[in-house]
Amino acid sequence: MGKLEHKSDLLESLTNICNEKNIHLGRLEVIGAVIKARLGYYNQNEKEYNFIEIDKKMEITSLIGNISLKDGKPIVHAHINLSDSTGNVIGGHLATGTIVFASEFVIQTFDGANFSRGLDNITKLPLWTE
Ligand code: ZN
């Protein structure tokens, strides 16, 4: 458990922690607040991510994700819900460009075989291959 640095990039900070602590299998949760956000939406027809940038201060009402390996390195895959000053919630695939105001994380690590990501031919996403 820990807190993330003010004005750090949320996804990069979580990935750095996994690299520093050698975490390659696990789950994570984050609550807190962001200064702005960048979310991905996977366009299933075009097979590519569209990115949504929201230049607003928001609460992280929930973030859940997992940690596995891609090209031998830890990769964080997380989805996030954010609420604005009126309580409206938006969400999506957490992308770089989401900036921390204050955040607390919990990472739970697992023992066991590695999960590795590789290109899935049907979805064109980097899904688990093992
Ligand atoms: Zn995703």
Under 18 Å from the Cα of LYS57 - aspartates and glutamates, other chains or at least 8 residues apart: GLU5, ASP9, ASP84, GLU104
22 Å Cα-Cα reach of LYS124 towards lysines, excluding residues that sit fewer than 8 places from it in its own chain: LYS47, LYS70, LYS73
Per DSSP, loop GluC sites (Glu not before Pro) in segment 1-55 with at most 13 further Cβ within 10 Å: GLU5, GLU46
Dipole moment magnitude, nearest 20 debye, the chain about Cα centre, only Lys, Arg, Asp, Glu C-beta charged: 40
Beta bridges per DSSP with both ends in the chain, % antiparallel, nearest 5: 95
Average Cα contact separation per residue, the chain, under 8 Å, 6 or more apart, as relative contact order %: 34
Full-stretch length increase - LYS47, VAL89 - with 0.36 nm per residue and alpha-carbon distance subtracted: 12.6 nm
Burial order of peptide ranges 85-91, 58-64 (average beta-carbon count within 10 Å, highest first): 58-64, 85-91
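Quick note: the coordinates plus some simple rules give every number you see, no bench work behind them. Just so we're clear, the structure is a prediction, and the values are computed from it rather than from any experiment. Neighbour counts run over all protein chains shown; Cβ positions are idealised from the backbone, glycine included.
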